[in-house]
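A quick write-up on the structure given underneath.
The values are calculated or read from the model by the stated rules, or taken from the named source; none is laboratory data. Everything numeric here is computed off the predicted structure, so don't read it as measured data. With ideal geometry, Cβ positions are generated from the backbone for all residues, glycine too; neighbour counts draw on all protein chains shown.
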Amino acid sequence: MKKICAVFAAVMTVATMWYLCACGTDAMENVSERRSTYYSAAVDGSTVTAVSGVREDPYTLDGHADALKPYTLITLVPATFDVDAVYTFRAAVGTSVYGGTLTVHPFGASFSAEVDAEIASEFTVTISCGGNSVDYGLTSCVPADAISFEQAVDAAKNEFDCLNGNYEIRARIIKNPIDGSGVCWHVSFYSENIDCGVLLDPVSAKVIAKKN
């Protein structure tokens, strides 16, 4: 009986040590960007989207992750594009208020601005131009039962056998580029010898597209 107890105690000790080590694993290790939110609203043919998370600063694809900073990117796609139009925005999130002038995109028919904060709840953006203002009540496009950032990264890692050594990870909720309906996870891995990524269904983690 004493031998059985001793063996049981040894097994429990190993299991406890494994559990503590697993709990101490940093989910953000090697992550250069984590974007978990995607908000959108449309009024009279114009659309405003906001994506938010954290990413390295400076934001460079060089194979390793530097210190992260919070960000939210707000983008306006007007019903009628005028490159000379001047748009400003104001967003109140809790006790914080953000605002400024939107910058025209050099290639796309859109305007955008970035703030140094991560916004994790639905909010309203007021867009003003030429004395007129429109409120956009941004709502989340991410399904309530979507997999987490950690689950998306784990699922993506299982798709590749080339992930070794040091590499950086970018995991972002994006608009589904395949059919344009809804959003998906885009998880990519990069180093000097690695350049691969995958699009995942936000709920089932099923592979939508894959780049080896």
One residue from Cys184, Cys162, Cys141, Cys196 being modelled with pLDDT of 95 or more and over 26 Å from Val93 (Cβ atoms) | Cys196
For Leu163, state whether it is over 15 Å from the mean Cα position of the chain (by Cα), surrounded by 14 or more Cβ atoms within 10 Å (Cβ to Cβ) and either farther than 28 Å from Ala65 by Cα or touching a residue at least 40 places away in the same chain (Cβ under 8 Å) (or both).
-> no
Of residues in the stretch 93-128 being part of a loop (DSSP other than H, G, I, E, B) and among the small types (Gly, Ala, Ser), the one surrounded by the most Cβ atoms within 10 Å (Cβ to Cβ) | Ser110
Do we have Ser36 as at pLDDT 75 or above, among the small types (Gly, Ala, Ser) and within 16 Å of Thr124 (Cα to Cα) here?
-> no
Go through the stretch 132-147 and count every residue that is assigned to a loop (DSSP other than H, G, I, E, B) and either surrounded by fewer than 16 Cβ atoms within 10 Å (Cβ to Cβ) or in contact with a Pro (Cβ under 8 Å, 6 or more places away or on another chain) (or both).
-> 6
Scan the stretch 67-92 for residues that are closer than 30 Å to Glu29 by Cα and not in a strand (DSSP E or B) and jot them down.
-> Ala67
